[in-house]
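Colleague: The structure under discussion is supplied below as structure tokens; questions concerning it will follow.
The values are calculated or read from the model by the stated rules, or taken from the named source; none is laboratory data. Source: prediction; values computed, not measured. FYI the Cβ positions are ideal-geometry reconstructions off the backbone, even for glycines, and counts take in every protein chain you see. To get the accessible areas, we keep the full protein, side chains included, count just its heavy atoms, and leave off ligands, DNA and RNA. Shrake-Rupley method; radii C 1.70, N 1.55, O 1.52, S 1.80 Å.
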Amino acid sequence: MAAEVSLWWIGANAPDDGMMEDVRRAVERAFWLRARRYVHADRPTHAFDPRRGQHSSTVMLKWLVDRGQPTGRVVAITDVDLFIPVLTYVYGEAQLGGRAAVVSTARLSLDVLAAADPAVRLARAVKETVHELGHTFGLLHCATVRCAMSRSVSLIDVDLTDPALCPPCTALYHEVRRKEGLDG
Ligand SMILES: [Zn+2]
Ligand SMILES: [Zn+2]
């Protein structure tokens, strides 16, 4: 059976393989799907905006979709800082009900908690990936603080969430699975 979710490190630096494996396992647990690493040297360098010194997450998403590979759902994970025009930065962006998502680790270690404990950064990367992948299944932001689909404006918000869907979001997710034929 082919993997249903591909995780692709598109960062400027070498990947943290331990983090990527944590993310892969969390995705399989949260969504009952097969996830795998996808490795390719292509990078969306044209997404860099020199005026802002950041990369456009929207341009990255378009690049992922247009590229066509890997097939199925793909979450690109990067260490460069992402923005959308109306915000100073974003932790990630996803196509709602689509195929692609992008997550940045650039801001996940910028506080004393992460400086004191490397596991904090890993946990945040896992939660952000589950969150953005949830959007690709059409899930919207959830009012339950601990739900992975809860809206995170700050790292404090991210830390409060679990890397899992709350019961109502799980029910919505199962509807999507049935529609997509993922339940076989
Ligand atoms: Zn979101
Ligand atoms: Zn929820």
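Colleague: May I ask you to list the residues in the stretch 152-184 that are modelled with pLDDT of 95 or more and in a loop (DSSP other than H, G, I, E, B)?
Modeller: Once the filter is applied, which keeps residues that are modelled with pLDDT of 95 or more and in a loop (DSSP other than H, G, I, E, B), the stretch 152-184 yields T161, D162, P163, A164, L165, C166.
Colleague: Another one. In contact with a helix residue (DSSP H, G or I) (Cβ under 8 Å, 6 or more places away or on another chain), among the charged types (D, E, K, R) and open to solvent by 80 Å² or more (accessible area, probe 1.4 Å): is that true of R36 in this structure?
Modeller: Against the criterion (in contact with a helix residue (DSSP H, G or I) (Cβ under 8 Å, 6 or more places away or on another chain), among the charged types (D, E, K, R) and open to solvent by 80 Å² or more (accessible area, probe 1.4 Å)), R36 qualifies.
Colleague: Moving on to the next point. List, please: which pairs have Cβ atoms under 6 Å, are six or more places apart or on different chains, and start with a residue in the stretch 118-147 that is under 12 Å from L165 (Cβ atoms) and end with one that is aromatic (F, W, Y) and open to solvent by less than 10 Å² (accessible area, probe 1.4 Å)?
Modeller: F137/Y173
Colleague: Could you please let me know if A26 is under 16 Å from the mean Cα position of the chain (by Cα), under 30 Å from L182 (Cα atoms) and not in a helix (DSSP H, G or I)?
Modeller: The answer is no for A26.
Colleague: Now, a different point. Would you pick out the residues in the stretch 57-95 that are outside any strand (DSSP E or B), crowded, with 19+ Cβ neighbours inside 10 Å and of a type in the set (V, I, T)?
Modeller: V80
Colleague: Is there a residue in the stretch 56-74 that is over 17 Å from the mean Cα position of the chain (by Cα) and under 23 Å from K127 (Cα atoms)?
Modeller: No, every residue in the stretch 56-74 fails to be over 17 Å from the mean Cα position of the chain (by Cα) and under 23 Å from K127 (Cα atoms).
Colleague: State which residue is nearest to ligand 2 (Cβ to nearest atom) when the search covers only the stretch 148-172 and only residues that are of a type in the set (G, A, S) and in contact (Cβ under 8 Å) with a residue 40 or more places away in the chain.
Modeller: Ranking the candidates gives A148 first.
Colleague: If you don't mind, there's one more thing I want to ask. When you go through R43, R29 one by one, which is the residue that is out of contact with any helix residue (DSSP H, G or I) (no Cβ under 7 Å at 6 or more places or on another chain) and under 24 Å from H141 (Cα atoms)?
Modeller: R29 is the lone residue from the list that is out of contact with any helix residue (DSSP H, G or I) (no Cβ under 7 Å at 6 or more places or on another chain) and under 24 Å from H141 (Cα atoms).
Colleague: Hey, another quick one. Pairs, please: C-beta under 9 Å, at least 6 apart or cross-chain, first residue over 16 Å from L7 (Cβ atoms) and in the stretch 63-76, second assigned to a helix (DSSP H, G or I)?
Modeller: Once the first residue is over 16 Å from L7 (Cβ atoms) and sits in the stretch 63-76, its partners that are assigned to a helix (DSSP H, G or I) give W63/H46; W63/A47.
Colleague: If I filter the stretch 135-183 down to residues being surrounded by 12 or more Cβ atoms within 10 Å (Cβ to Cβ) and of a type in the set (K, R), which single residue comes out as nearest to L61 (Cα to Cα)?
Modeller: R151
Colleague: Right, another one. Looking at the stretch 102-136, which of its residues are out of contact with any Lys or Arg (no Cβ under 8 Å at 6 or more places or on another chain) and assigned to a loop (DSSP other than H, G, I, E, B)?
Modeller: Selection gives A106, R107, L110, D111, D117.
Colleague: Turning to a different aspect of this structure: With the structure loaded, tell me whether L7 is farther than 18 Å from R121 by Cα and surrounded by 15 or more Cβ atoms within 10 Å (Cβ to Cβ) or whether it fails that test.
Modeller: Against the criterion (farther than 18 Å from R121 by Cα and surrounded by 15 or more Cβ atoms within 10 Å (Cβ to Cβ)), L7 does not qualify.
Colleague: Let me ask something else. Step by step: first the residues of the stretch 96-124, then only those that are of a type in the set (V, I, T) and surrounded by 21 or more Cβ atoms within 10 Å (Cβ to Cβ), then the one that is farthest from R36 (Cα to Cα). Which residue is that?
Modeller: T105
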